[in-house]
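Enquirer: Before I ask anything, here is the structure I am working with.
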Amino acid sequence: MRSRKRCQEYFSLTGVMKFFVFIIILLSCSFFVVVSNARTLPDNDQVGRLLAFKKSSVESDPNGFLNEWTSSSSSPCTWNGISCSNGQVVELNLSSVGLGGPLHLTDVMALPTLLRVKFNGNHFYGDLSSVASSCSFEFLDLSANSFSEVLVLEPLLKSCDKIKYLNVSGNSIQGVVLKFGPSLLQLDLSSNTISDFGILSYALSNCQNLNLPNFSSNNLIGELNDLDFGTCQNLTVLNLSFNNLTSTEFPPSLANCQSLNTLNIGHNSIRMEIPSKLLVKLKSLKQLVLAHNQFFDKIPSELGQSCSTLEEVDLSGNRLTGELPSTFKLCSSLFSLNLGNNELSGDFLHTVISSLTNLRYLYLPFNNITGHVPRSLVNCTKLQMLDLSSNALIGNVPFELCLAALGFPLETMLLASNYLTGTVPKQLEHCRNLRNIDLSFNYLTGSIPLEIWTLPNLSELVMWANNLTGEIPEGICINGGNLQTLILNNNFLSGALPQSISNCTNLVWVSLSSNRLSGEIPQGIGNLANLAILQLGNNLLTGPIPRGLGKCRNLIWLDLNSNALTCLIPLELADQAGHVNPGKVSEKQFAFVRNEGGTECKGAGGLIEFEGIREERLEILSMVHLCPSTRIYSGRTMYTFTSNGSMIYLDLSYNSLSGTIPDNLGSLNFLQVLNLGHNNLTGTIPFNFGGLKIVGVVDLSHNNLQGFIPPSLASLSFLSDLDVSNNNLSGMIPSGGQLATFSVSRYENNLGLCGVPLPPRGPGNEHHSSSIYHNKPTTIGMVVAIMVSFVSVTIIIPLVI
């Protein structure tokens, strides 16, 4: 009985245990179901979260991108910008759709399956301080928006503890509150206005798994040597370029970054010798950019001894001297080498460069390299870009580069501002890939071979300031042309402009001034819809100004001064007023030679292409010395109107134009220079010239104009130079504004004209020509903005063009 009882108790206990085991299993299953459900949301909850985000963050949707985001939808998976997997939202892509508003991420962070968020290229703003307690983001791109406050990123990165990629570049962020964990691999804070060095110091001293931090193009101020790279073993790319970092030595801990393949500290204020002993320890380094700092002394030979991995080296814009060490012949993987804007000299083109058989891009402008271009460069059979501008090279143009047995891939040959002689070699035709040729400011003679004109890919032909002769051949662009830039001014070219130039429909900048061209301007030039700059001044051209120029919808600069053009000024020149869009000549390097000698000078001045030219070389240019007072400005072009623009420069002076001045020229709302002087124009000065609100220079002198000076000219507040001398004008000079500030010489020889600044009428006060020109310093604003530098010919004043 006892045995049986014990047996029953045993089975009873066993049953109880089984029950508890069953309960535990059941609870576990229930827990799994709860957890599983927590990782997904029903469709209606996803819809609700996304609509809540739309309500809180999107104030403007000009393109209606989110119009289908409505509560009537059963699922968001068909909405614009949404990608789903198994019915769950995994990606939210609203890139570049024009949305704007205060960005709140709380609602989208509550989507548990959302991994990728792309809001780049919009107009979101805010500080991102409001976040949810957790999120599943792995990828978050907020670049190119309108964030300008200090971004509070610490709570976001704490909640999103799985995030690998964060991009807030291209905003106006002044600072960030930053703290991140080991999941973050890539952090892009570039192109903002961050100045706090502590942010950079924190990010690099707590790298953990971070491999690609980008702090470029900010306002970071601090000592590079204060950075600690102790935990950055995984760092592969470090970009600190375009900041205000200083240092006289590199941080030794950088040597810990053995995975580093890109180091870019260009465009800072680092002053020291190149730290070769540290750099050679970076065994994985492929790209080294130290450009535009203050590195000095010679390029160390140790750097070449350990460069077997280097593919790109940029040491340009420093104060390096001497030669490129022979050890660089070991750089067998090097395909891009930029040593421009230094003080290098010697024979290293032959002894070192010609051994780099994988080299594709070679930049050596603005150095002190002398002698001939060595034939041994033919060993660089992969060379695509050759820039030797602004050195002291002599001899002939190196055509041997185009005679390699298998042809040559050369696309760009820039040899401007040297001392090359001889002719333009026709053998360049064998470089069938040539796109850009610049041989300006040399001493080349003879004609441009037909073989050059027929290169199939030629885009830029620039050979101004030589001694070239011959004609521009008929038949250019006959099969359609890729030619965009044709700059041959200041030579001795003759003959007529070819009719076939109308086939060069890609032309943007044409400068043929200061040659001996004759005949009429082809009527078909109006077919050049992309034409932005046309300069044909100081030639022997005859006939009328083509009406077709009015069809050139991008034309902003027209200079036809000092020819023998006749007939009327075409009304059509103003046809594109209010319709010109910017962009065709943005970022072009140029110099503007402005004549300020009044009637003693021909034309308002000249615009010249200035890429690769030393400023001091301009002093030998004849056009600089044609006037007693000349000012030279140089920089890069940048449009200041965004739409609805007009012509900004119109110089038709020193011709034989007749008839009246077209009234509609007053509609050129962005015109800055108007020179119609020294013609045979009649009639009156149009009253609507008062509409030229930002005009800086108006020259109507030496014509047969009559009547009054329109009172509307007194309202031109930007007018800095007006010349109406030597006409038949009468009446009072309008009072007020700028008109009374100009010298007497600007009004003289108009017998019926009176008023300030002319002396009072009376015995002995007749208005005769003045023998003295009073130079009044002026500032001209052209519609295209520049970063100004100068050549000292006379006192230089700022010019915005």
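Enquirer: Residue-wise, which Karplus ³J(HN,Hα) couplings in Hz belong to the stretch 354-365, taking 6.51 cos²θ - 1.76 cosθ + 1.60, θ = phi - 60°, and x for glycine or proline?
Expert: Karplus values, whole Hz, x for Gly and Pro: 5, 8, 8, 6, 9, 5, 10, 10, 10, 10, 9, x.
Enquirer: Determine the relative contact order of the chain: mean sequence separation of Cα pairs under 8 Å and six or more apart, normalised by residue count, in whole percent.
Expert: Result for the chain is 4 percent.
Enquirer: Right, next: Please give every one of the aspartates and glutamates within straight-line cross-link reach of LYS179, meaning a C-alpha to C-alpha distance under 12 Å, and leave out same-chain neighbours fewer than 8 residues apart.
Expert: Of all the aspartates and glutamates, those that pass the test against LYS179 - Cα under 12 Å, at least 8 places apart if same chain - are GLU154, ASP161.
Enquirer: Do the sum for the chain: with -39,500 (n - 2.57) for every DSSP H run of n ≥ 4, divided by all residues, what is the mean residue ellipticity at 222 nm, to the nearest 500 deg cm²/dmol? Don't skip to the answer; put the middle values down first.
Expert: Values: 9 runs with 88 residues, N = 801.
Value at 222 nm, helices only, nearest 500: -3000 deg cm²/dmol.
Enquirer: Is the shape of the stretch 279-407 rounded, prolate or oblate, going by the alpha carbon gyration tensor and its root eigenvalues a ≥ b ≥ c, with a/c under 1.5 for rounded and a/b larger than b/c for prolate?
Expert: Oblate shape, in that a/c is at least 1.5 and b/c is the bigger or equal ratio.
Enquirer: Which pairs, out of LYS283/LYS382; LYS298/LYS584; LYS164/LYS329; LYS158/LYS281; LYS55/LYS164, put more than 31 Å between their alpha-carbon atoms?
Expert: Going by Cα-Cα distance, LYS298/LYS584; LYS164/LYS329; LYS158/LYS281 fall outside the 31 Å limit.
Enquirer: Right, something else. Using the Cβ atoms and a cut-off under 9 Å, what net charge is assigned to the surroundings of SER440, where Lys and Arg are +1 and Asp and Glu are -1?
Expert: Net charge around SER440: -3.
Enquirer: Per the 1.4 Å probe, what fraction of the accessible area of the chain, in percent, lies on carbon and sulfur atoms?
Expert: Of the solvent-accessible surface of the chain, carbon and sulfur hold 53 percent.
Enquirer: Next question, about the same structure. Have a look at the DSSP beta bridges in the chain and tell me what percent are antiparallel, nearest 5.
Expert: 15 percent
Enquirer: Over the stretch 304-403, what is the relative contact order in whole percent, taking alpha-carbon pairs under 8 Å and six or more residues apart?
Expert: Details: 224 pairs, mean separation 23.7, N = 100.
Over the stretch 304-403, the number comes to 24 percent.
Enquirer: What is the stretch 386-523 by shape, rounded, prolate or oblate, if you read a ≥ b ≥ c off the alpha carbon gyration tensor as root eigenvalues and call it rounded for a/c under 1.5, prolate for a/b larger than b/c, and oblate otherwise? Don't skip to the answer; put the middle values down first.
Expert: Details: a/c = 1.90, a/b = 1.26, b/c = 1.50.
Taking the square roots of the gyration eigenvalues as a ≥ b ≥ c, the stretch 386-523 is oblate.
Enquirer: For the stretch 419-566, what does the accessible surface come to per residue with a 1.4 Å probe? Please give it in Å².
Expert: Using a 1.4 Å probe on heavy atoms only, each residue of the stretch 419-566 averages 33 Å².
Enquirer: Per residue, how much accessible area does the stretch 134-191 show when a 1.4 Å probe rolls over the protein heavy atoms, in square angstrom? Let's see the in-between values first.
Expert: Numbers: 2150 Å² over 58 residues.
With all protein chains present, the stretch 134-191 gives 37 Å² per residue.
Enquirer: May I pose another question? Using a/c under 1.5 as the rounded threshold, could you call the stretch 56-177 rounded, prolate or oblate? The axes a ≥ b ≥ c are square roots of the C-alpha gyration tensor eigenvalues, and prolate needs a/b larger than b/c, oblate otherwise.
Expert: oblate
Enquirer: Suppose all protein chains stay in the model; what accessible area per residue would a 1.4 Å probe give for the stretch 692-747, in Å²?
Expert: Value for the stretch 692-747: 35 Å² per residue.
Enquirer: Continuing with this model, one more query. Amide H to amide H, which residues 5 or more places from GLY322 or on other chains are under 5 Å from it, using H placed in the peptide plane?
Expert: SER345
The values are calculated or read from the model by the stated rules, or taken from the named source; none is laboratory data. All figures in this text were calculated on a predicted structure; none of them were measured in a lab. Reconstructed Cβ throughout: ideal geometry from the backbone, glycine too, with neighbour counts over all protein chains shown. Side chains are part of the model used for accessible areas, which takes the heavy atoms of the whole protein and leaves out ligands, DNA and RNA. Shrake-Rupley method; radii C 1.70, N 1.55, O 1.52, S 1.80 Å.
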